[in-house]
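Heads up: the structure comes next, in structure tokens.
The values are calculated or read from the model by the stated rules, or taken from the named source; none is laboratory data. Quantities reported herein were computed from a predicted structural model and do not represent experimental measurements. Here the Cβ is made from the backbone with ideal geometry for all residues, glycine too, and neighbour counts use every protein chain on show. All accessible areas refer to the heavy atoms of the entire protein, side chains included, with ligands and DNA or RNA removed. Shrake-Rupley method; radii C 1.70, N 1.55, O 1.52, S 1.80 Å.
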Amino acid sequence: MPKVVYVHPDGSQDRLDVPEGTSVMQAAVAQGIVGIVAECGGSAMCATCHVYVDPPDAESLPAVGADEDEMLDCTACPREPGSRLSCRIVLTADLDGLTVRLPEKQR
Amino acid sequence: MAQTIEDFTSTIHLQDLWEDPYPIYRQLRHHRPVAWVPAANRYLVTRYRDVVHLERHPEIFSAAEQDSLMIRVMGRTMLRKDGAAHLRERKAAEPALRPRAVREYWTPIFRKIADELIDGFYERGEADLFTDFAGPMAARSLAVVLGLHDVAPQDLQTWSQAMMDGTGNYGDDPAVWQRSDAAAGAVDEAVDAAIASLRSAPDESVISAMLRADDPLTPEEIRSNIKLFIGGGLNEPRDVTAVASYALLTHPEQRTLVTADPARFKDVFEESARWIAPIGMYPRQTTAEVELGGTLLPAGARLGVMLGSANRDETAFADPDAFDINRRDRAHVAFGGGPHFCLGSWTARAQVGQVSLPTLFRRLRGLRLSDSEPVRLGGWVFRGVLNLPVRWEP
Ligand code: HEM
Ligand code: FES
């Protein structure tokens, strides 16, 4: 099962085994990872599942979609080149070891 | 102890909840976080963590309540459907309410409406911001966003109130049904007229989006859902506008912070929606026997999901009764969560946080509460200030 590493603002980490087909947001919420709020439950409408993905991981992700793009302009912490909505990142075998950084706040 | 709590829950009166629900919620959170409350005829879910949990499990905590009064008044709207049937209707409306549409189309119109309303009473030097501003601002804004261009804002407010009174008519008062049925009929007519004109001249509005969706909604579906929008999209921005203004007028240090940095009206909006959630309760029904917050709920149990209490839960928010725009814990649940997460959240944020509040506090110099009458608060299913008499120097 692909692993995802969630890095908290204080540097501490959570590692989760995430079934393929599950989003980075869903896995975090199911395990109660603090720092992903995901109010809208994954419909790209709330911008409270914001994460940062650094290179080289960022390159292996599918491109930012239109809905995701406008939502990333509404995040509580500043948008950066690596900003993504974790509800739009669905795990595949290729993404094993993906590392996402959590912002200071989601609202 | 168990007996005392039973006694307590059975002595909760709706009138006490209406006047000040927060001390009662605190008792419930501490002693029976999922409690059968006879006066409400529901299990009230009062803790933050249980509210968030149930919002994440819509397959067990269903919005499609049986014998729902909302369905009686409005027909079967998206808010009383689950799963794919819900998503289809929601997706049809969504393009009109996403942040980009709000920024490009609605915000400039909101600015114009706010300025016109203030122009109308500016020279008087006094007004009731609830009736003279917050209500008409919310109504005119909603009419534009929905595509009901020929509807008088006052009618929209009357219909909204009449339908919402119907959804709460558990006492089966025939006069209330008469008013809500009349309002629903008037909305049907207005929507039919709007559909006819938006078919030939489409715009960015909700009704136009519903007509143009990949899977367009039928006129019947549009009529029901627009009743939901009118019932649920007017009083809430009105109430946050009035509550936030009241909060700033009674917390001068925080007012100084935001008038120095108007970007912080965003924080005022969020904190006001947390402090006094405009929708204090919404209903759900269990689809199976399930345990929640230490209480075993049978299948079919009717729940009152208490956003007003979750937003004051001391385990989620430090010093929860204080109005504090600088608080660190900010993940309030005033907009609900999960599949039915408020579709109007971005419109409401723009209307209230980016337009109404900054405009009022910029234009009305020396704005202060008037001593003509006290500010009153009321409600628990819906809660807000009921009047807001103010003065300024024209
Ligand atoms: C600050 C203002 C507002 C607050 C606090 C608020 C709150 C809420 C809440 C709590 C829900 C979920 C109800 C439930 O799950 O049973 C909801 C749903 C909804 N809201 Fe809002 N609302 C606000 C403004 C608006 C506005 C301005 C509109 C329309 C333009 C709107 C349209 C809707 C709709 C259509 C739904 C149902 C969504 C669905 O079923 O998928 N709301 N709102
Ligand atoms: S969960 Fe709401 S935008 Fe991702």
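Observations
- Share of carbon and sulfur in the accessible heavy-atom surface of chain B [1.4 Å probe, %]: 54
- Debye log10 I(q)/I(0) for the range B:5-391, one point scatterer per Cα, at q = 0.06, 0.07 Å⁻¹: -0.22, -0.31
- Computed about the Cα centre, the dipole magnitude for the range B:306-373 is approximately 520 debye when only Lys and Arg (+1) and Asp and Glu (-1) carry charge, each at its Cβ.
- Ranking B:Trp159, B:Ala39, A:Pro103 by how far each Cα lies toward the positive end of the dipole of the protein assembly as shown (charges on Cβ) leaves A:Pro103 at the top.
- For chain A, relative contact order (Cα pairs under 8 Å, six or more residues apart, normalised by length) works out to 42 percent.
- Computed from phi, the 3J(HN,Hα) profile of the range B:259-267 under the Karplus parametrisation 6.51, -1.76, 1.60 (θ = phi - 60°) reads 6, 6, 9, x, 4, 7, 4, 4, 5 Hz, with x in place of Gly and Pro.
- Distance (nanometres) between label positions extended 7 Å along Cα→Cβ at A:Ala63 and B:Glu373: 6.0
- Relative packing of peptides B:11-17, A:101-107 - highest average C-beta neighbours within 10 Å first: A:101-107, B:11-17
- Average partner coverage of A:95-107, which counts Cβ from other chains inside 10 Å: 1
- The magnitude of the dipole of the range B:5-391, with charges of +1 and -1 set on the Cβ of Lys/Arg and Asp/Glu and taken from the Cα centre, is near 940 debye.
- The residues packed around B:Asp214, meaning those with a beta-carbon under 12 Å from its beta-carbon, carry a net charge of +1 if Lys and Arg are +1 and Asp and Glu are -1.
- Label-point gap, in nm, between B:Tyr22 and B:Ala193 - each point 7 angstrom along Cα→Cβ: 4.3
- Inter-chain neighbour count for B:330-337: the average number of beta-carbon atoms from partner chains within 10 Å of each residue's beta-carbon is 4.
- 10 Å Cβ neighbours from other chains, averaged over peptide A:36-48: 6
- Accessible area buried at the A-B interface, both sides summed, 1.4 Å probe (Å², nearest 100): 1800
- Farthest toward the positive end of the dipole of the range B:5-391, out of B:Ala334, B:Ala301, B:Pro21, is the Cα of B:Ala334, where the dipole comes from beta carbon charges about the Cα centre.
- The order of the peptides B:26-32, B:271-277, B:174-180 by mean Cβ neighbours within 10 Å, most packed first, is B:271-277, B:26-32, B:174-180.
- Chain A pair-distance distribution - Cα-Cα, 5 Å bins, rounded %: 2, 14, 27, 28, 21, 8, 0
- Quarter of the Cα convex hull surface for the range B:239-309, i.e. its orientation-mean projected area (nm²): 6.2
- Phi angles of the range A:54-67 translate, via the Karplus equation with coefficients 6.51, -1.76, 1.60 and θ = phi - 60°, into HN-Hα couplings of 8, x, x, 3, 3, 5, 7, 8, x, 4, 5, x, 5, 5 Hz per residue; Gly and Pro are given as x.
- Each residue of the range B:129-134 was assigned a 3J(HN,Hα) from its phi angle through the Karplus curve 6.51 cos²θ - 1.76 cosθ + 1.60 (θ = phi - 60°); the sequence is 5, 6, 7, 8, 10, 4 Hz, with glycine and proline shown as x.
- Two-decimal log10 I(q)/I(0) for the protein assembly as shown, as the Debye equation yields it once each C-alpha is a single scatterer, q = 0.06, 0.11, 0.12 Å⁻¹: -0.28, -0.98, -1.18
- Neighbour net charge for B:Pro99 - beta-carbon separation under 12 angstrom, K R +1, D E -1: -3
- In nm, spacing of pseudo-spin labels at B:Thr4 and A:Val34 (7 Å Cα→C-beta vector): 3.2
- Within the range A:3-101: Cβ-based charge dipole about Cα centre, in debye rounded to nearest 20 (Lys, Arg +1; Asp, Glu -1): 220
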